[in-house]
Amino acid sequence: MTTKELPDVLVLGAGPAGMAIASALGKESLKVDVLSPKGPDEPWPNTYGIWGNEVDQLGLENLLEHRWKNTVSFFGNGSLKEHDFENKPTQHLLDYGLFDKKKLHSYWLNECNNSLINWHQGFANKINFEQHKSTVTTDDGKVYSARLVIDATGYDPIFLKLKSNEPLAVQTCYGVVGNFSKPPLEKDQFVLMDYRSDHLSETQKKEPPTFLYAMDMGDGKYFLEETQLGLVNPLTMDDLKGRLEKRLAYRDIEITSKQHEELGLFLPMNMPIPDFKQPILGYGGAASMVHPASGYLIGNVLRRAPLVAKAISDAMQDKNLPTMLIAKKGWESLWPTELIRKKSLYQFGLEKLMRFDEKLLREFFESFFQLPKNQWYGFLTDTLSLKEIVNAMWIMFLKAPWSVKKGLMIMRGRELKMLFKIIFPNI
Ligand SMILES: Cc1cc2nc3c(=O)[nH]c(=O)nc-3n(C[C@H](O)[C@H](O)[C@H](O)COP(=O)(O)OP(=O)(O)OC[C@H]3O[C@@H](n4cnc5c(N)ncnc54)[C@H](O)[C@@H]3O)c2cc1C
């Protein structure tokens with residue numbers, strides 16, 4: 001095959017990230033191949049939530065299966081007396097939505113099918129880099145070449161190299177969609193974080209904190225998920241399941257039928273930035289695009305795909321540009337210095353939160369959600385500039401109780417080093 005006949009890009013993986021970048025590259029009129037183990041119809045395992053504003057700005061609100069206006073969190077200690085102050089909800093006053101996975105998937109498939117995209121089935125396991133192309137070989141010996149390969153194979157990327165070997169903090173969660181003996185939350189309510197801990201013994205309160213992420217799905221069905229924010233030694237599925245059962249039993253609630261169990265086994269929150277000096281690009285979970293504070297990725301993947309695709313397309317206008325330099329242009333658009341700095345700041349925040357006990361975490365989040373809506377929303381969706389984030393964090397620090405201020409000020413472990421990276425991101 002001559003360079004002229006080569007596909008422009010080979011995308012590895014057909015999860016949300018692979019589909020988003022493939023369709024954006026297709027819109028740039030590039031010739032794109034996508035390789036994934038089960039082809040483009042492979043169902044996605046997770047449930048994808050997103051803030052209403054994010055999905056509205058993307059013009060994709062029609063892809064939501066549910067949308068909630070009554071969105072709250074609980075940061076009190078909790079009490080069995082319903083109207084006790086310790087059960088007082090923090091109102092978020094912002095809509096939250098859940099994607100209809102099938103609709104989201106078909107949306108991207110349609111977008112891809114409107115362009116020059118070829119689908120291939122196979123599991124990539126070897127790559128060979130040459131100056132003007134890369135060649136991928138699958139498990140069953142099929143060979144695919146392109147001017148640029150994009151690794152979108154998720155959190156444990158098949159070919160991408162990451163910059164550091166520091167321990168990963170992993171989010172785990174155990175969720176159930178089902179019916180319950182009585183409503184576990186208010187009608188039409190979405191609960192972002194229920195950190196109430198009155199169901200735990202004093203010993204259990206000293207163990208890693210977890211919260212409930214929950215939503216009313218209608219028709220008597222609820223989705224409840226016991227979630228642990230991020231830990232180097234994460235809790236097991238059995239631990240989380242036990243926590244959820246205990247939380248419900250304390251409030252005299254039984255699961256009467258289970259329609260679906262969601263097992264969130266491995267969601268790394270603080271993946272290092274990839275090594276930019278490699279002749280391959282990454283996208284999505286593989287390229288550390290998950291938000292270290294929330295574990296979310298979909299909004300970011302949707303927003304950034306057209307920008308990255310444009311940078312690749314512009315670079316490819318020079319037919320003699322080596323693959324290494326095309327990848328470099330892609331990395332520069334995916335990870336400009338401002339975003340690297342922001343990521344360091346988010347990672348610093350996560351490191352802090354991982355050390356907080358459940359009481360301090362509740363106090364921290366209580367203060368965080370007292371920030372003006374545009375600030376906490378911008379922080380969680382990564383839509384503020386670095387300057388705006390620093391400003392928001394400073395305001396929160398000034399208003400927070402002494403316990404939180406102290407927790408934020410005392411530097412432990414690698415925190416100081418992480419803070420340093422915000423100022424000198426390229427060291
Ligand atoms: C339980 C859970 C809940 C989540 N909830 C949300 C949420 O509410 N909102 C949100 O924004 N984010 C959420 N996330 C985070 C994130 O959106 C998802 O993890 C998302 O699936 C990551 O997308 P991805 O395309 O990068 O990777 P993946 O979805 O993991 O897709 C990887 C793709 O690569 C393929 N692949 C793997 N190896 C190879 C190979 N060697 N060759 C070829 N193909 C390969 C896979 O088959 C798959 O198609 C959640 C994550 C988890 C775990």
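The values are calculated or read from the model by the stated rules, or taken from the named source; none is laboratory data. Everything numeric here is computed off the predicted structure, so don't read it as measured data. Cβ coordinates were reconstructed from backbone atoms using ideal geometry, including for glycine residues, and neighbour counts include every protein chain displayed.
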Discussion item. So, in the range 38-80, exactly how many residues are loosely packed, with under 15 Cβ neighbours inside 10 Å and farther than 18 Å from LYS103 by Cα?
Written reply: 4
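Residue by residue, here is whether (1) more than 16 Å from the ligand (Cβ to nearest atom); (2) surrounded by fewer than 23 Cβ atoms within 10 Å (Cβ to Cβ); (3) over 23 Å from LEU10 (Cβ atoms) holds:
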residue	(1), (2), (3)
ILE253	yes, yes, yes
THR256	yes, yes, yes
PRO268	no, yes, yes
LEU281	no, no, no
PRO292	no, no, yes
LYS310	yes, yes, no
ALA315	yes, yes, no
Worksheet item: Pick from THR47, THR90: which is in contact with a helix residue (DSSP H, G or I) (Cβ under 8 Å, 6 or more places away or on another chain), more than 16 Å from the ligand (Cβ to nearest atom) and β-branched (Val, Ile, Thr)?
Response: THR90
Worksheet entry | Subset of the range 1-44 (residues that are within 29 Å of VAL191 (Cβ to Cβ) and more than 9 Å from the ligand (Cβ to nearest atom)) | PRO43
Practice prompt. Answer yes if at least one residue in the range 309-319 is among the small types (Gly, Ala, Ser) and either without any contact (Cβ under 8 Å) to a residue 24 or more places away in the chain or outside any helix (DSSP H, G or I) (or both), and no otherwise.
Written response: yes
Worksheet item: Restricting attention to the range 409-421, does a residue exist that is touching a residue at least 40 places away in the same chain (Cβ under 8 Å) and touching a Leu at 6+ places or on another chain (Cβ under 6 Å)?
Response: no
Fill in: Candidates LEU302, LEU325, LEU353, filtered to the one that is part of a helix (DSSP H, G or I) and free of Cβ contacts under 8 Å to residues at least 12 places away in the same chain
LEU325
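I need a count of the residues in the range 26-85 that are of a type in the set (Ser, Thr, Tyr), in a strand (DSSP E or B) and within 30 Å of PRO7 (Cα to Cα).
1
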Practice prompt. Report yes if ASP156 is farther than 16 Å from GLU42 by Cβ, within 14 Å of the ligand (Cβ to nearest atom) and more than 26 Å from the chain's Cα centre (by Cα), otherwise no.
Written response: no
Worksheet item: Which one is nearest to ASN53 (Cα to Cα), of the residues in the range 293-336 that are under 15 Å from the mean Cα position of the chain (by Cα) and among the β-branched types (Val, Ile, Thr)?
Response: ILE298
Item to complete: Go through the range 220-234 and give me each residue that's at pLDDT below 95, assigned to a loop (DSSP other than H, G, I, E, B) and surrounded by fewer than 21 Cβ atoms within 10 Å (Cβ to Cβ).
Response: VAL232, ASN233
Worksheet item: Could we say that VAL136 is more than 10 Å from the ligand (Cβ to nearest atom) and part of a strand (DSSP E or B) here?
Response: no
Worksheet entry | Of all residues in the range 93-125 being surrounded by 13 or more Cβ atoms within 10 Å (Cβ to Cβ) and of a type in the set (Lys, Arg), the one that is nearest to TRP44 (Cα to Cα) | LYS101
